[in-house]
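Engineer: One structure follows; several queries about it will come next.
The values are calculated or read from the model by the stated rules, or taken from the named source; none is laboratory data. None of the values given here were measured: they were computed from a predicted structure. A quick note on method: Cβ atoms are made from the backbone with ideal geometry, for glycine too, and the neighbour counts reach across all protein chains shown. The accessibility values were calculated without ligands, DNA or RNA, using every heavy atom of the protein model including side chains. Shrake-Rupley method; radii C 1.70, N 1.55, O 1.52, S 1.80 Å.
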Amino acid sequence: GDDDRSGTAIITRTKPRAKRPSLYRVLLLNDDYTPMEFVVHVVERFFNKSHEDAYQIMMHVHHNGVGECGVFTYEVAETKVTQVMDFARKHQHPLQCVMEKK
Ligand code: TYC
């Protein structure tokens, strides 16, 4: 509509506007204690990576301090972070997983 009972013009959009959701990187952080094999397992299990890709991501984090495991919408990224942090805590490893807006 272009008018209302208050006499104030209101312009509404006709063409459907696709609102793309913001995207978030999920990152693993390096530490000195979490076993390499545990990190590889985490990347395979929670980020659906092949063993080869998971190993590469783990080694990237080991050498660079931080690395990306995937890019997701806010809710999915938040779920990944919680799942990884809970799993690491359960196994008493200090592994840290965080998300950041792209
Ligand atoms: N730096 C760890 C080690 O030498 C391995 C490791 C890799 C830990 C990646 C955390 O996100 C990580 N055992």
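Engineer: Is it the case that some residue within the range 68-81 is within 10 Å of the ligand (Cβ to nearest atom) and of a type in the set (A, V, I, L, M)?
Structural biologist: For the range 68-81, residues within 10 Å of the ligand (Cβ to nearest atom) and of a type in the set (A, V, I, L, M): absent.
Engineer: Which pairs have Cβ atoms under 6 Å, sit 6 or more apart or on different chains, and link a residue in the range 33-61 that is open to solvent by less than 70 Å² (accessible area, probe 1.4 Å) to one that is at pLDDT 95 or above and more than 11 Å from the ligand (Cβ to nearest atom)?
Structural biologist: V43/K49; F46/K80; F46/Q83; F47/G70; A54/E44
Engineer: So which residues in the range 31-57 are of a type in the set (A, V, I, L, M) and either within 16 Å of V81 (Cβ to Cβ) or more than 11 Å from the ligand (Cβ to nearest atom) (or both), if there are any at all?
Structural biologist: Result: V39, V42, V43, I57.
Engineer: Any chance the range 81-91 includes a residue that's among the basic types (K, R) and under 13 Å from the mean Cα position of the chain (by Cα)?
Structural biologist: no
Engineer: Does the range 15-29 contain at least one residue that is in contact with a strand residue (DSSP E or B) (Cβ under 6 Å, 6 or more places away or on another chain), within 11 Å of the ligand (Cβ to nearest atom), free of Cβ contacts under 8 Å to residues at least 40 places away in the same chain and open to solvent by 30 Å² or more (accessible area, probe 1.4 Å)?
Structural biologist: Looking through the range 15-29, none of the residues is in contact with a strand residue (DSSP E or B) (Cβ under 6 Å, 6 or more places away or on another chain), within 11 Å of the ligand (Cβ to nearest atom), free of Cβ contacts under 8 Å to residues at least 40 places away in the same chain and open to solvent by 30 Å² or more (accessible area, probe 1.4 Å).
Engineer: Please work out if V66 is hydrophobic (A, V, I, L, M, F, W, C), surrounded by 15 or more Cβ atoms within 10 Å (Cβ to Cβ) and at pLDDT 95 or above.
Structural biologist: no
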